[in-house]
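Down below is the structure, laid out as structure tokens.
The values are calculated or read from the model by the stated rules, or taken from the named source; none is laboratory data. Here the structure is a predicted model, which is why all the values come from computation and not from measurement. As a convention, Cβ positions derive from the backbone with ideal geometry for all residues, glycine included, and neighbour counts pool all protein chains shown. Accessible surface is based on the protein model in full, side chains and every heavy atom, while ligands, DNA and RNA are left aside. Shrake-Rupley method; radii C 1.70, N 1.55, O 1.52, S 1.80 Å.
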Amino acid sequence: MKEQDEAIRMNFGKYEIPSDLKRLMELDQWHEIKGNMKVLDSTIGLIPEIGGFRYYCTPCDVVVFGSNGCDGIHYGFLTDFGTVDNLDEAPIVCISPMDFGHTNRLIARNFRDFLSIHLDNSELFYNDFESEDAYLKQVTEWKREEEEIPYGDTPEEKQYAEEVKAMLRTTFELPVIDRPYEYIRALQEERIKQACVLTRESLHVVLPNRFGTASDDEKQWLEQIESRDEAAVQAFLEKASPPAVLGIAREVGAQADHPSLLNVEYFLKKHGFHDEAVRLRYQLPLLELPKPLEKAEFTSFVIVGGNHIIEEE
């Protein structure tokens, strides 16, 4: 129990568990007691996960709240490095660890929008489709295949699932999103326009105006740098503005066994992003990685065989 409590604190950081998520978990627990089943998992494929469910690619500013029980796919509140006021209104992301190179994607403006889409169109969260027509065509094909499966859900099970969906729509006053494909596409385009730093990792960096933005030189460097180059990343982080540091955190955090993970953790702490540093530390691979250097310990350095060699000026 103590370990679970610590995992929940790590996950949520400074935030309280949002009211809508609390209510959803309470409904799930109530149905489990009444019917001896996890109703959300069995009817809409959503498993609440509030502590310790993280993969190598889970962004350090994401608070995980659920999974779908397949291929490590999970969902979370995007806090934009702790700058959102409350999680009920935080954007929602889907993390697909097996979709290498495209693990993280923005999928909803807030939790209720997420639930609304999830009830009938969750496939949009972790699949790619060339167009809305391509998606609708695939949905038709899936329905045809489902009708042909002899061991699929019974009519009673299907009816119960629809009743659960209706209950959730009413309980949470879910909005009607008629064109979910277009909704997600537009939301992702909007985020690009809002970003103060664009990254190859698709969530980018969106911050309030008080943080400013990365300089033109920093943006150019971020476009060109090979982020697995530990020496170059270290040198950049020493002089980088907070938005540029977070740009590196986006790039590095999406890669497994990255040589600069501990350096990024150190600079997140240095700039006051403590919750994010804690989450990054939690999901680090269990490897003997070198401790990042304190700035006072060096003025320049080279990398030899993966170890820091100090050169005093």
Review point. At a Förster distance of 25 Å, what's the computed FRET efficiency of GLU162 paired with MET25, Cβ-Cβ distance as r, to 0.05?
Key: 0.70
Exercise for review: Send over the Kirkwood Rh of segment 133-288, from the inverse of the averaged 1/r over different Cα pairs, rounded to one decimal Å.
Suggested key: 19.4 Å
Point to revise | Mean projected area in nm² (Cα convex hull; one quarter of hull surface) for segment 10-159 | key: 10.2 nm²
Practice item. Using the charge dipole of segment 158-272 (Lys, Arg: +1 at Cβ; Asp, Glu: -1 at Cβ; taken about the Cα centre), state which of HIS204, GLN234, PRO175 has its Cα farthest towards the positive end. Key: PRO175
Check your understanding: For the chain, what is the convex hull volume of its Cα atoms per residue in Å³?
Key -> 160 Å³
Practice item. Over 23 Å between C-alpha atoms is what I'm after, so list which of LYS22/LYS158; LYS193/LYS219; LYS22/LYS165; LYS193/LYS269 land there. Key: LYS22/LYS158; LYS193/LYS269
Revision key, fill the gap. Residues whose modelled amide H sits under 5 Å from the amide H of ASN104, counting only those 5 or more places away in sequence or on another chain, are SER96, SER202
Study note, to complete from the structure: Expressed in Å to one decimal, the Kirkwood Rh of segment 125-164 from all distinct alpha-carbon pairs is 12.0 Å
Practice item. Keeping all protein chains in place, calculate the accessible area per residue for segment 101-207 (probe 1.4 angstrom), answer in Å². Key: 59 Å²
Review point. Can you work out ³J(HN,Hα) from phi for every residue in segment 51-57, in order, using Karplus 6.51 cos²θ - 1.76 cosθ + 1.60 and θ = phi - 60°, giving whole Hz and x for Gly and Pro?
Key: x, x, 8, 9, 10, 3, 9
Exercise for review: Work from the charge dipole of the chain (Cβ charges, +1 for Lys and Arg, -1 for Asp and Glu, about the Cα centre) and give the residue of ILE8, TYR160, ASN68 farthest towards its positive end.
Suggested key: ILE8
Review point. Under 5 Å between amide H atoms, partner at least 5 residues away or on a different chain: which partners does LEU46 have, H built in plane at 1.01 Å?
Key: ASP41
Check your understanding: Under a point-charge model restricted to the Cβ atoms of Lys and Arg (+1) and Asp and Glu (-1), what is the dipole moment magnitude of the chain relative to its Cα centre, in debye to the nearest 20?
Key -> 720 debye
Exercise for review: Figure the gain on full extension for ASP133 and THR154 (residue separation times 0.36 nm, minus the Cα-Cα span) and round it to one decimal in nm.
Suggested key: 4.6 nm
Review point. Taking all protein chains as present, what is the carbon and sulfur share of the accessible area of the chain, in % to the nearest whole number, probe 1.4 Å?
Key: 50 percent
